[in-house]
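Please read the structure below before turning to the comments.
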Amino acid sequence: MAMENAGAVSGAGFFDLHNHILWDVDDGASSPVESLELVRGLMRLGFVGAAPSPHSWSDRAECAARLNGLRELLAQNALSFSLAENAENVASPEDVMALLDGRGRTVAGGRWFLMELPLAAPVPALPNILAMIARSNHSALIAHPERCLHFQAAFDAAFEALDAGAFLQLDVMSLAGAYGRRVQRLAEELLDESAYAVAATDIHSTRDLPALTSSLFRLRERVPDDEVTRLLTANPQRVLTGQAQLL
């Protein structure tokens, strides 16, 4: 198998719900050329589409323009790769209230709200935040919990979030040690407990592609193929179509 196809699963149809492949909107891709190379890299690894998730502090209109620009760039290069709108929100009063008021930046404009917690601080109000989101007929998808102190400090915190109606999204690059051994170990433990509903790349740069390839290898080594499909194909598709429950 050629190295460029090393992480791919034949006919996988993966869909990436968390990445920063839009250029010049946040700390992700820096140019249209890099955005295009990131898409090509994802395609080599078995992805058929993505919901680029610029940070919510990025200008919304500019992000929409970049998303359309990337669609045009893909068409010009005859690349079949679907794109949906999205954002990486934060567990802040501003982003949560925007969601509750109908102004939230959600996956494909639907019910799913991709949300990150601070990496280096606990969030005591998280149960209340998740309860508000659930009552609003939205679903919280918590990005890379293994990288967040809130979950690192207490293993049960992940299951408390699940009990509150949230779902967890694995950053697959955690499995390759991209963020350190502590993060890798927690990712492995949560994966072994089937705590994750979705896996995503959180890719920012072409420099991330080798680690992403290794991470997909590690994911396939740790879980059976049907679990890979659940995390990277079946549940992302359910999120895209706005279904309330995941597999």
task: Tally the residues that are over 17 Å from the mean Cα position of the chain (by Cα), among the aromatic types (Phe, Trp, Tyr) and under 20 Å from Ile142 (Cβ atoms), restricting the search to region 189-247.
output: 0
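If I ask for residues that are among the charged types (D, E, K, R) and at pLDDT below 95, which ones from region 1-60 would you list? Please lay out each step first, then the result.
Initially, region 1-60 is screened for residues among the charged types (D, E, K, R), giving 4, 16, 24, 26-27, 34, 37, 40, 44, 59-60.
Within region 1-60, just Glu4 meets the criteria.
Just give me the residues in region 61-82 being hydroxyl-bearing (Ser, Thr, Tyr) and either over 23 Å from Trp112 (Cβ atoms) or modelled with pLDDT under 95 (or both), in sequence order. First the steps, then the outcome.
Kept after step one, since they are hydroxyl-bearing (Ser, Thr, Tyr), are these residues of region 61-82: 80, 82.
Ser80, the sole residue that qualifies.
Can Leu170 be described as assigned to a strand (DSSP E or B) and not basic (Lys, Arg)? Full working, then the answer.
Working: assigned to a strand (DSSP E or B): yes; not basic (Lys, Arg): yes.
So Leu170 passes the test.
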Residue list for region 56-80, filter: under 19 Å from the mean Cα position of the chain (by Cα), closer than 19 Å to Asp16 by Cα and buried (at least 17 other Cβ atoms within 10 Å of the Cβ): Ser56, Cys63, Arg66, Leu67, Leu70
- request: For Ala120, state whether it is out of contact with any Gly (no Cβ under 8 Å at 6 or more places or on another chain), over 23 Å from Ala200 (Cα atoms) and among the hydrophobic types (A, V, I, L, M, F, W, C).
  value: no
message: Which residue is nearest to the chain's Cα centre (by Cα), if the candidates are limited to region 81-91 and must be surrounded by 16 or more Cβ atoms within 10 Å (Cβ to Cβ) and of a type in the set (S, T, N, Q)?
response: Asn86
field: Selection within region 70-97 - of a type in the set (Gly, Ala, Ser) and within 25 Å of Thr233 (Cα to Cα)
entry: Ala75, Ala78, Ser80, Ser82, Ala84, Ala87
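The values are calculated or read from the model by the stated rules, or taken from the named source; none is laboratory data. Not measured: the values here are computed from a predicted model. Reconstructed Cβ throughout: ideal geometry from the backbone, glycine too, with neighbour counts over all protein chains shown.
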